[in-house]
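Participant: Let me give you the structure first, and then I'll get to my questions.
The values are calculated or read from the model by the stated rules, or taken from the named source; none is laboratory data. Only a predicted model underlies this, so the values are computations on that prediction, with no experimental measurement involved. No Cβ is skipped: glycine too gets one built from the backbone with ideal geometry, and neighbour counts run over all protein chains shown.
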Amino acid sequence: MGWSYSAFFHHLRPLSPTSIVEAIAEFYKNLSRIVPLNWKGTISGTVKWSGPVPRRLAVSINKDPQICDPKSKKTADLERLILGPEGGVANTIVYLNNISAGKPLLLPEQRRHLDQKQCHYIPHILLVPQNAALSMQSSDATLHTVHMDGAATFNLPFPFVNRVTTRTMSTPGLVHLRCNGGHVWMNAEMMVVPHPYYAVTDESGRFELTAVPPGTYQIVAWHEGWVLTGKEKAYDVLTERTVQRPIFNEPKSWEKPVTVNASQPSVVNFLISTK
Ligand SMILES: [Cu+2]
């Protein structure tokens with residue numbers, strides 16, 4: 001069922017005889033909005049980088065090298081800005097800003113399953129429907145502790161390999177994930193979203209939004225901060241020592257209008273840079 005049902009039933013609450021008639025009229029008026037019709041509207045495009053390419057951020061792997069650094073690279077990439085060969089920007093969240101009806105709130109499963117593997121979060125960008133569960137596990141035989149803050153606050157230790165922990169994400173918004181097990185380079189960002197018109201760009205910067213009802217919308221490209229702005233003190237729950245964890249600049253977003261109709265797909269390309 002469509003996710004505007006609750007908005008519709010809200011209209012039904014005052015039940016005087018005239019309002020029943022009005023509610024029935026309203027029902028038929030809204031029928032096209034609340035029944036998940038086979039909407040043909042799609043928006044696709046790319047997010048590409050322009051200008052000088054910033055240096056990739058890395059920090060030295062100073063804990064559990066046998067697990068966190070099996071290839072002896074000595075440093076861990078912080079994965080805050082990932083550019084493909086043709087300047088495509090991966091890990092950008094592209095979404096519609098002002099949409100109030102449409103398909104059911106379903107999104108690809110893989111972005112609500114977090115693995116902690118060789119002391120990295122996989123995937124780096126999580127996208128979870130509001131009131132859906134995030135499932136988390138660790139593939140590493142060391143103690144990771146997922147520390148979340150933002151629209152959700154949890155502190156979840158993972159002392160056992162492959163044991164799944166789930167938490168329901170009830171509030172839409174951004175959640176930062178960091179490891180309180182002393183692996184200061186581990187970082188991921190999660191967006192908890194109230195509607196289904198969100199996508200994450202792939203390695204070539206591509207995205208696609210499908211089954212969009214006809215209309216004009218604001219489309220937004222959102223990217224986490226990729227500049228190191230300092231360090232913060234964090235606690236290593238295992239060694240009980242204070243460690244220094246990198247902090248980043250604020251996320252940035254870019255916005256454009258887009259018109260969607262059923263007869264032809266809409267294309268939106270973003271060119272982003274340090275601004
Ligand atoms: Cu960890």
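Participant: Being more than 13 Å from the ligand (Cβ to nearest atom) and of a type in the set (A, V, I, L, M, F, W, C) is the filter here; which residues of the stretch 60-87 pass it?
Facilitator: Scanning the stretch 60-87 gives 78, 81, 82, 83.
Participant: Also, quick follow-up: Does residue 243 meet the test of being touching a Pro at 6+ places or on another chain (Cβ under 8 Å), in the same structural domain as residue 93 (by TED's automatic domain parsing) and surrounded by 17 or more Cβ atoms within 10 Å (Cβ to Cβ)?
Facilitator: Values: touching a Pro at 6+ places or on another chain (Cβ under 8 Å): no; in the same structural domain as residue 93 (by TED's automatic domain parsing): yes; surrounded by 17 or more Cβ atoms within 10 Å (Cβ to Cβ): yes.
Considered against the rule, which asks whether it is touching a Pro at 6+ places or on another chain (Cβ under 8 Å), in the same structural domain as residue 93 (by TED's automatic domain parsing) and surrounded by 17 or more Cβ atoms within 10 Å (Cβ to Cβ), residue 243 comes out as no.
Participant: Considering the stretch 177-226 alone, what residues qualify as being aliphatic (A, V, I, L, M), within 16 Å of the ligand (Cβ to nearest atom) and assigned to a strand (DSSP E or B)?
Facilitator: Going through the stretch 177-226, the residues aliphatic (A, V, I, L, M) turn out to be 177, 184, 186, 188, 190-193, 199-200, 209, 211-212, 219-221.
Adding the requirement that they be within 16 Å of the ligand (Cβ to nearest atom) leaves 177, 184, 186, 188.
Residues satisfying the conditions are 177, 188.
Participant: Give the residue, chosen from 90, 133, 152, that is more than 16 Å from the ligand (Cβ to nearest atom), over 26 Å from residue 46 (Cβ atoms), at pLDDT 95 or above and crowded, with 19+ Cβ neighbours inside 10 Å. Break it down stepwise before answering.
Facilitator: On the way: 90 fails: over 26 Å from residue 46 (Cβ atoms); 133 fails: crowded, with 19+ Cβ neighbours inside 10 Å.
Going through 90, 133, 152 in turn, the sole match is 152.
Participant: Give the stretch 50-71 a look and list any residue that's more than 25 Å from the chain's Cα centre (by Cα) and under 19 Å from residue 231 (Cα atoms), or say none.
Facilitator: Pass one, the stretch 50-71, residues more than 25 Å from the chain's Cα centre (by Cα): 51-52, 60-67, 69-71.
Result: 60, 61, 62, 63.
Participant: What number of residues in the stretch 242-273 are at pLDDT 95 or above, farther than 30 Å from residue 61 by Cα and hydrophobic (A, V, I, L, M, F, W, C)?
Facilitator: Selection size over the stretch 242-273: 8.
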